[in-house]
Amino acid sequence: MAFEYAAVDLPIREQTISSQRMSWEMIANPGRWWTGAERVEIARIGRAARDFEAVGSEILPDAAVYAIQKLVVDNANLNREWYEDIIAMTGMTEDRYVELVAVVVHSLSIDEFHRALGLDLEPLPDPVGGEPTRQRPNLAEQRYSWPPIVPKTGLNPGDEMLYGPLEWGANVISALSLVPENVRWLHDLSEGHYLSFAEMRQPDPLRAISRSQIELIAARVSALNECFY
């Protein structure tokens, strides 16, 4: 089974391990706009870009490869004009871009967890066959992020509780809501490696270190990664 950590002499939370296994399962399966094989390929290209390897792909559009590499190695220089150019390129749309970003974020986050512990990277999962659902939410609005985001009233049946009792989530939650399962996926990864969305509202959630210590580490990591959110 993936993510065993048997040789690691550190207490790794079960929630962390389960979120990583879920991410590998999500990457391997077809999404709404990319097949399982394409999603695994997105993760592979992103992993290579992290090591400054300019590899190509036989199954992804050139625009997707370029977007992945830009997201990984030059994200501080992204802007709306770049985004609009990308989604207008052959093989790309705003929906496909949002799903691509989610795969890149999750795979890279888990890879960095391994690097921080001095571990070999987990082998990427084998892709699962099948076609994307190509299901878009009923309503998406251009608000605070470059891609449109989805209010609760625009969610399809089964997605209504995406934001809990709220009409919208915070920007960091709703930014990828054009593909609603991205929001649930992000919550699972956040809970495993940082805090759940609910815990973010608590002054001192139950962790081995205090909330202020958690935020100090998070701020340092963001600075080193040139996060400009």
Pull up the stretch 23-36, narrow it to residues that are of a type in the set (A, V, I, L, M) and open to solvent by less than 10 Å² (accessible area, probe 1.4 Å), then point me to the one that is nearest to HIS114 (Cα to Cα).
ILE27
Would you check if ALA7 is open to solvent by 40 Å² or more (accessible area, probe 1.4 Å) and in a loop (DSSP other than H, G, I, E, B)?
yes
Breaking point among (1) under 27 Å from ASN138 (Cα atoms); (2) touching a residue at least 40 places away in the same chain (Cβ under 8 Å), for ARG184
(2)
Is at least one residue of the stretch 166-184 in contact with a helix residue (DSSP H, G or I) (Cβ under 6 Å, 6 or more places away or on another chain), open to solvent by 30 Å² or more (accessible area, probe 1.4 Å) and either modelled with pLDDT of 75 or more or among the basic types (Lys, Arg) (or both)?
yes
Among ALA37, ALA48, ALA43, the single one that is part of a helix (DSSP H, G or I), out of contact with any helix residue (DSSP H, G or I) (no Cβ under 6 Å at 6 or more places or on another chain) and touching a residue at least 24 places away in the same chain (Cβ under 8 Å) is ALA37
If a residue has to be part of a loop (DSSP other than H, G, I, E, B) and either farther than 27 Å from ALA198 by Cβ or not hydrophobic (A, V, I, L, M, F, W, C) (or both) to count, how many in the stretch 147-162 make the cut?
7
Residue ID - farthest from the chain's Cα centre (by Cα), chosen from residues in the stretch 140-154 that are open to solvent by 10 Å² or more (accessible area, probe 1.4 Å) and more than 14 Å from GLU94 (Cβ to Cβ)
THR153
Every pair of residues 6+ apart whose Cβ atoms lie under 6 Å, when the first sits in the stretch 87-114 and is surrounded by fewer than 23 Cβ atoms within 10 Å (Cβ to Cβ) while the second is among the acidic types (Asp, Glu) and part of a helix (DSSP H, G or I):
ILE87/GLU94
If you go through the stretch 75-134 one residue at a time, how many are under 18 Å from the mean Cα position of the chain (by Cα), in a loop (DSSP other than H, G, I, E, B) and of a type in the set (Asp, Glu)?
1
Residue that is nearest to ARG50 (Cα to Cα) [pool: residues in the stretch 62-83 that are open to solvent by 40 Å² or more (accessible area, probe 1.4 Å) and without any contact (Cβ under 8 Å) to a residue 12 or more places away in the chain]
ASP74
Has the stretch 37-50 got any residue that is within 21 Å of SER222 (Cα to Cα), at pLDDT below 95 and open to solvent by 10 Å² or more (accessible area, probe 1.4 Å)?
yes
Residue check: is THR133 without any contact (Cβ under 8 Å) to a residue 24 or more places away in the chain, open to solvent by 50 Å² or more (accessible area, probe 1.4 Å) and β-branched (Val, Ile, Thr)?
no
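The values are calculated or read from the model by the stated rules, or taken from the named source; none is laboratory data. As the structure is a computational prediction, the values presented were derived from the model and not from experiment. Positions of Cβ are backbone-derived with ideal geometry, glycine not excepted, and every protein chain shown enters the neighbour counts. We work out accessible area using only protein heavy atoms, side chains counted, and drop any ligands, DNA or RNA first. Shrake-Rupley method; radii C 1.70, N 1.55, O 1.52, S 1.80 Å.
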